[in-house]
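Accompanying notes for the structure given below.
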Amino acid sequence: MKATSPGQYIHSTFGRVNTVKDGEIIIIVTVDNYSQFAFGTALIKELNFNEVAKHIHSVIQEVRKKHKNIMPVIYLSYAEEHIDRLALLFDEECMIEYNPAMADKIALPVLESLLNNIRPIK
């Protein structure tokens, strides 16, 4: 499905990366279906309710800056165990759906590109 306006469908996926200092971190990449705009990437240690809610809140704020009347549908490829709580928390701001296939269709290529361009510090 292709969005007909910016902010209509948002796709979010994640990947894990090892770091020298912090061990493994999680990178959340969230992309607008219409414009292919990548929202601010979240770097977190644990994929928990509070971290996911904080990221979704930041995405919604960014959408609202330019598209005040849009109620986005956000597809997640993660946080299945938190979907009901997230849907209740953001009930009046967006629709949240756990749908890895939809989320990954748009966001995974962006995440893969990001990970392929990370170069170790020499």
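Values in this text are rule-based calculations from the coordinates and carry no lab data. For clarity, every value in this text was computed on a predicted model and none was experimentally measured. Cβ: placed from backbone, ideal geometry, glycine included. Neighbour counts: every protein chain shown.
Excluding same-chain residues fewer than 8 positions from Lys66, which aspartates and glutamates have a Cα within less than 19 Å of its Cα?
Within reach: Asp32, Glu92, Glu93.
Of all GluC sites (Glu not before Pro) in the range 1-85, which ones are in loop regions per DSSP and have a Cβ with at most 15 other Cβ atoms within 10 Å?
Glu46
Return the loop-located trypsin sites (Lys or Arg not before Pro) in the range 20-105 (DSSP other than H, G, I, E, B) with at most 12 other Cβ atoms within 10 Å of their own Cβ; answer none if there are none.
Answer in residue order: Lys21, Lys45, Lys68.
At a threshold of 8 angstrom on Cα-Cα distance, excluding pairs fewer than six apart, so keeping six or more, what relative contact order does the chain reach in percent?
Answer for the chain is 29 percent.
Using helices alone, I'd like the mean residue ellipticity at 222 nm for the chain: each DSSP H run of four-plus residues gives -39500 (n - 2.57), total over residue count, nearest 500.
Dividing the helical sum by the residues of the chain leaves -11000 deg cm²/dmol.
Along the range 79-90, what does the Karplus equation 6.51 cos²θ - 1.76 cosθ + 1.60 (θ = phi - 60°) give for ³J(HN,Hα), rounded to whole Hz, x for Gly and Pro?
Listing the rounded values in order: 6, 3, 5, 10, 4, 4, 5, 5, 4, 5, 4, 9 Hz.
Write down the percent of antiparallel bridges among all DSSP beta bridges whose residues are both part of the chain, to the nearest 5.
If I count the DSSP bridges inside the chain, around 65 percent turn out antiparallel.
When only C-alpha pairs under 8 Å and at least 6 residues apart count, what is the relative contact order of the range 1-69, in percent?
27 percent
What net charge is computed for the residues neighbouring Phe37, neighbours being all others with C-beta under 13 Å from the C-beta of Phe37, Lys and Arg scored +1, Asp and Glu -1?
0
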